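Quick note: the coordinates plus some simple rules give every number you see, no bench work behind them. Keep in mind the model is a prediction, meaning the values are calculated, not measured. Using ideal geometry, Cβ is built from the backbone for each residue, glycine included, and neighbour counts are taken over all protein chains shown.
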Amino acid sequence: MRLLVLCFMCLVSVLIKAPHAVAKGTVSSPPKVLVTIKPIHSLVAGIMEGVGEPELLMEADSSAHTHHLKPSEASKLHKAQVIIWVGPIYEAALKKSLDAVKNSVQLITVTGLKGVHLLPSRAFHRAVDGGCVVDLHSCHNSHADQEDHHEIPGKDGHLWLAAPNAKIIVKAIAQELAQLDQRNAPRYLANSQKIIKKLNELHADLVSEMKSAKGAKYLTFHDFTQYFDIAYGTQCIGAVRINPEVEPSAADLQVVRHQAKEGARAIFSEPQFDTKSVRTIAEDTGLNYAQLDALGFGLDKGPNLYFEMMRRLAYEMRKAFTEEECILPLVCKR
Ligand SMILES: [Zn+2]
């Protein structure tokens, strides 16, 4: 009997020490929160201010679409109690790693949060036929099915790039954290109110920053600005790469050169990609060129990053549209 009691106690102590014995739904107060990308991490850091600091999974120097975890990053997944990611339509390469831990963590998927409305991925014209840019969806469907929409199943996952969407994200994540960690719920909810007020101010600033760029057409390296365009009145009319990880073909580049003549005023690359092709197109077509950053590249992580990143992005964009040294006089009219 004494042996039986001893064995039972051993079993209990093993269960207590086992790293993943914590049942799903049980989190410490404050919980160990891990966020995949910098802009969302920034919003979560604001919600948790005064309670704890969330961990960041990925720096902004690689593409989250295809980022494969380093061993140091994978170990962060195992230490977390709550993991907040954008979702499989944006971070497809993380799905497998998250599937492996999903039974021992609380997984919060931003694209699935209450109030989030996802837009379909944009379908740009992708072929040149007799000197005109035509829509692949109407003329070369098999090719379009293969190459369009890197963000399968056809929804655009870059939803944080508009302050109104950030408000929805902040409100929903604060509610989720408040439910998981009820002791700190008042703090999460009060912080979220403060961030929402700051996001209202940011939105007003961006609307006024982009006023002079209303309707301005442009090209990007890969399509990530749809939510920004809708919120602030700009218009992306084409992307060099449909899949950001696949080199553009000669035909793709031909399409973009045609699009450059369809009223585009600038072409933008992104710091996490090798964008020699964008510079070459800018030089060939005379379009203004700038880098736009949607991930907080070079910015210190934390509650202010989201606001700095959005202001910098809007400024870079507006400046590219209104710079004097534009070579194509007809498309540069302000
Ligand atoms: Zn993307």
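Between the stretch 232-264 and the stretch 52-71, what is the C-alpha centre distance in whole Å? Taking the Cα centre of each part, the stretch 232-264 and the stretch 52-71 sit 27 Å apart. By the count of neighbouring beta-carbon atoms within 10 Å, fewest first, 72, 269, 212 end up ordered 72, 212, 269. When the alpha carbon coordinates of the stretch 157-310 are projected onto the principal axes, the ranges are 59, 33, 23 Å, largest first. Scalar couplings 3J(HN,Hα) for the stretch 114-122, obtained by applying the Karplus form with A = 6.51, B = -1.76, C = 1.60 to θ = phi - 60°, are 4, x, 7, 10, 8, 9, x, 4, 6 Hz; x denotes Gly and Pro. Between residue 32 and residue 75, the modelled label-to-label distance comes to 1.2 nm, taking each label 7 Å out from Cα in the direction of the beta carbon.
Once the C-beta distance of residue 257 and residue 53 is scaled by a Förster radius of 45 Å, the resulting FRET efficiency is 0.45 to the nearest 0.05. Computing FRET efficiency as 1/(1 + (r/R0)^6) for residue 95 and residue 197, where r is the C-beta to C-beta distance and R0 is 45 Å, gives about 0.80. Cβ-to-Cβ counts within 10 Å put 189, 159 in ascending order as 189, 159, the fewest first. For the stretch 42-82, the C-alpha radius of gyration sits at 1.32 times the compact-globule guess of 2.2 N^0.38 Å, with N the residue count. Applying 1/(1 + (r/R0)^6) with R0 = 30 Å to the Cβ-Cβ distance of residue 322 and residue 117 gives a FRET efficiency near 0.45.
Taking the empirical scaling 2.2 N^0.38 Å for compact globular proteins as reference, the stretch 44-108 has a Cα radius of gyration ratio of 1.11. Step through the table entries 95/155; 76/96; 38/167; 102/197, compare each Cα-Cα distance with 22 Å, and write down the pairs that go over it. Those over the limit are 102/197. Put simply, when 235-243, 106-114, 47-55 are sorted by average Cβ atoms within 10 angstrom per residue, most first, you get 235-243, 47-55, 106-114. Size descriptors for the stretch 188-272: radius of gyration and Dmax over Cα atoms are 16.5, 53 Å. When the GluC sites (Glu not before Pro) in the stretch 220-327 are filtered for DSSP coil states and for at most 13 other beta-carbon atoms within 10 Å of their beta-carbon, the remaining sites are 245, 324, 325.
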